[in-house]
Amino acid sequence: MTKVTEDKTFDQSMTEQDGTIFSQDFAEHKEQLEHVLSSSTWKILTLKLRVRVRIRQLRKLIECLGALWRDPCKLPHRMTLMHEAWYRGGMLALKQLLLQLASDITLSKIWLQYQRTFTPEVESNIRERIRKMENRPMISILMPVNNPPEELLRKSIESVLAQFYQDWELCIVDDASTQSHVHKILREFEAKDSRIRVEYLNIYKGISNATNCALDMAKGKFVALLDHNNILEKQALFRLAESILADNPDMIYSDEAILSENGLEVINHVFRPTFSPEMLRSCPYIVNFVAFRTELLKEIGGLDTSLPISQDYDLILRVSEVARVIVHIPEILYLWRQHNNSGGHKIQAKIMETSRKLLARHLERCGERGDVKDGMLFNFYEVRYPVEPGQRVAIIIPTKNHGELVRQCIESIEQTVKGTQFDILVIDHASTDPETLIYFEQLSSKHRVLRYEGPFNFSVINNWAVKQLDAIYTHYLFCNNDIEATEEGWLERMIELCQKPDVGMVGAKLFYPGSRIYQHAGVCVGMFGIAEHYAKFMSERMPDRSINSGYHGTLIVNHEVSGVTAACALVRSDIFQKIGGFDDSIAVGFGDVDLCLKIIDAGYRILFCPHASLIHHESYTRGKSHEDPHPEDSAFFTKKWRKFLDQGDPYYNANLATHSTKWDIKLPMKFNQNISRRVVHRRSRHYDWCIHKISKSE
């Protein structure tokens, strides 16, 4: 006890001495520092530094602006891009665009920069994580082969040998290749590594049969598909193993990069959303890299050998019907080489016909009625679901004054909705304009007009409106007073989707007035910090006047989203009641997005319907406000949905920029050791999926 006390006293003494010395030193250095800062030399030096910084900034600006003039033919388009950047993200977005134009960034450059972030330290870390894995699953890679070029076949097999994860086997089935180099290469690799096993067929029977033969050879718990001329990224099997151990999946798919025919350039990056059942029924958006539980794939009979084309689309559809868990890995794990002379481009009509039949069979197996039609572009489809009897919609339109806008809105609804029972309820929020009041009095003879007094609160007003309704409505359509319908059938298209038992809400496609400029194509939660509309300020047409299909078709197909705007949104009445309607705590901003997330939390899907097209008379020239007009609502929403915001919108790939409404790639693109997999679970035996969860790689 005495020894400890003595040591403590000594420490305290030294601390006091050190403190005194430090105070003296600090005072001396402070005096010296003040002398330096007040000197003429320091002031001149500081001025020079400021001038140099300004000069560098000016040079960079001149360089950026100079890039705009290098190709005068592109100047109008680039000026349009600058205009859009300013309105969607202010000076930050404009600066980023100018830097991009100045550096002339290409997809190939982006990919090379990404590859440089895959450092030796990253590789070492991955190998260590693999070493610590318990019960590492065997993964069987299925590769059907038929006369590939020698170089491509070698690179494909070598990409398997280069995998960090070593618990694999490569099951190759040669489908009666006639070129001599094929057997030579296969025997060479077969002798080189015992994990490579080859079966040689004497009669050519097609890719489906060859793949099924490879499936019969497989000993692994999971099988992954690899074409004989494509390449796996070296971490691909490691990512599969991570998911197999953590998520217990039935199917896994990833993102991919598309290479030029010579393999020297990156043509496109395909960054996919989490599993989207409605999108899958609209286009074969899941392609590469894809893996399946071996037992499940054998249970459904593998690929359909009767199909000469579209067999991969058919396989994904059939697996999705029985899978319990589907995982998306938001990372490029597969390099697919484009072939300009591919047979698919020569037989597009046959592909469309075959895929329509496959989708019809898929609907029949799922116990759903639907008519499959061709979509707007090649390999896109429309499924029309018949509207079930008894659907009735209450259209709720809150307004204060603006009688002419309300008149335009209601008359456009009356002229375009023909096949659906609906009633209109106008909520007059203490209007004072005499002409508006006269119009409301006239309107009350055929539609309900209810007076609401009190401070403006979007959520409270809409909840109050719903309480005034009888229990005869299957759906509520929340509608702004500045919406104008111009095409017949829009409401029926929304009902087709919103009558599904696992769909809670459907949003429409909205354009700014006087143009075909998008105002809304679904909501990305987390974009610009909290939420923003997809495709905002984008044109419906490309510069060559072709249709703008959006990011891999998102502007032309039905698909899942995390949110839609209540400017025109259809909600099932039973689900609205179940979740308690809008949150009264949110008065103005993000009340509709909050409602969407509550619906998702309750286990229902939200869909964007591009076939319901309307005009939203919101000012296009106003652009995006760079000051938050409702900070209290924003703060409340952010706190309430902090976890969702941190995880990111599952339907917006993490590799895409959140400061852009145009699906721009997030730059710089870099390799992330820990990624958030998107995991979706089936709710029942039907084609009925719960919303995702996040599975973080560690």
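For the range 366-379, which residues satisfy the criterion of being over 21 Å from Leu555 (Cα atoms) and either of a type in the set (A, V, I, L, M) or surrounded by fewer than 13 Cβ atoms within 10 Å (Cβ to Cβ) (or both)? Walk me through how you get there before you give the answer.
Here is the first cut: in the range 366-379, the ones over 21 Å from Leu555 (Cα atoms) are 366-370.
Within the range 366-379, Gly367, Arg369 meet the criteria.
Considering only the range 647-658, state which residues are hydrophobic (A, V, I, L, M, F, W, C), part of a loop (DSSP other than H, G, I, E, B) and open to solvent by less than 20 Å² (accessible area, probe 1.4 Å). Residue satisfying the conditions is Ala657 alone. In the range 226-244, the residues that are under 18 Å from Arg136 (Cβ atoms) form Cβ pairs under 8 Å with partners that are open to solvent by 20 Å² or more (accessible area, probe 1.4 Å) and in a helix (DSSP H, G or I), at six or more places apart or across chains, as follows: Phe238/Arg129. Scanning the range 158-188 for residues that are open to solvent by less than 10 Å² (accessible area, probe 1.4 Å) and over 39 Å from the mean Cα position of the chain (by Cα) yields a total of 3.
Return yes when Asn262 is at pLDDT 95 or above, polar (S, T, N, Q) and more than 18 Å from Gly550 (Cα to Cα) and no when it is not.
On the way: at pLDDT 95 or above: no; polar (S, T, N, Q): yes; more than 18 Å from Gly550 (Cα to Cα): yes.
It is false that Asn262 is at pLDDT 95 or above, polar (S, T, N, Q) and more than 18 Å from Gly550 (Cα to Cα).
One residue stands out among those in the range 400-432 that are under 17 Å from Glu492 (Cβ atoms) and free of Cβ contacts under 8 Å to residues at least 60 places away in the same chain: the one that is most open to solvent (accessible area, probe 1.4 Å), which is Gln421.
Provide a single number: the residues in the range 386-410 that are within 36 Å of the chain's Cα centre (by Cα) and closer than 24 Å to Phe458 by Cβ. Spell out how you get there, then give the answer.
Let us first name the residues in the range 386-410 that are within 36 Å of the chain's Cα centre (by Cα), namely 386-399, 405-406, 408-410.
Subsequent filtering for residues that are closer than 24 Å to Phe458 by Cβ retains 393-399, 405-406, 408-410.
Matching residues across the range 386-410 total 12.
Among the conditions (1) closer than 30 Å to Met494 by Cβ; (2) aliphatic (A, V, I, L, M); (3) touching a residue at least 40 places away in the same chain (Cβ under 8 Å), Met352 misses just one, which is (3).
Select from the range 624-667 the residues that are over 26 Å from Pro273 (Cβ atoms) and either free of Cβ contacts under 8 Å to residues at least 60 places away in the same chain or within 13 Å of the chain's Cα centre (by Cα) (or both) and list them in ascending order.
Just the residues of the range 624-667 that are over 26 Å from Pro273 (Cβ atoms), to begin with: 625-633, 635-636, 639.
Residues satisfying the conditions are Ser625, Glu627, Asp628, Pro629, His630, Pro631, Glu632, Asp633, Ala635, Phe636, Lys639.
Out of curiosity, is Thr661 open to solvent by less than 60 Å² (accessible area, probe 1.4 Å) and modelled with pLDDT under 95? Yes, satisfied. Residues in the range 207-245 that are closer than 20 Å to Glu158 by Cα, within 24 Å of the chain's Cα centre (by Cα) and charged (D, E, K, R): Glu233, Arg239.
When the range 245-256 is filtered for residues that are surrounded by fewer than 23 Cβ atoms within 10 Å (Cβ to Cβ) and aliphatic (A, V, I, L, M), the ones remaining, listed by number, are Leu245, Ala246. Determine, yes or no, whether Thr436 is farther than 17 Å from His616 by Cα and either open to solvent by less than 70 Å² (accessible area, probe 1.4 Å) or of a type in the set (S, T, N, Q) (or both). Spelling it out, Thr436 is indeed farther than 17 Å from His616 by Cα and either open to solvent by less than 70 Å² (accessible area, probe 1.4 Å) or of a type in the set (S, T, N, Q) (or both).
Scanning the range 265-303 for residues that are more than 21 Å from Val223 (Cα to Cα) and among the acidic types (Asp, Glu), we see that the one that is least open to solvent (accessible area, probe 1.4 Å) is Glu278.
Matching residues to (1) part of a loop (DSSP other than H, G, I, E, B); (2) free of Cβ contacts under 8 Å to residues at least 24 places away in the same chain; (3) open to solvent by 10 Å² or more (accessible area, probe 1.4 Å); (4) in contact with a strand residue (DSSP E or B) (Cβ under 9 Å, 6 or more places away or on another chain):
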| residue | (1), (2), (3), (4) |
| --- | --- |
| Lys536 | yes, no, yes, yes |
| Asp544 | yes, yes, yes, no |
| Ser549 | yes, no, yes, no |
| Val557 | yes, no, no, yes |
| Ala566 | yes, no, no, yes |
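For the condition closer than 18 Å to Phe478 by Cα, of a type in the set (Val, Ile, Thr), open to solvent by 10 Å² or more (accessible area, probe 1.4 Å) and out of contact with any Leu (no Cβ under 6 Å at 6 or more places or on another chain), Ile615 qualifies.
The values are calculated or read from the model by the stated rules, or taken from the named source; none is laboratory data. Only a predicted model underlies this, so the values are computations on that prediction, with no experimental measurement involved. Reconstructed Cβ throughout: ideal geometry from the backbone, glycine too, with neighbour counts over all protein chains shown. The accessibility values were calculated without ligands, DNA or RNA, using every heavy atom of the protein model including side chains. Shrake-Rupley method; radii C 1.70, N 1.55, O 1.52, S 1.80 Å.
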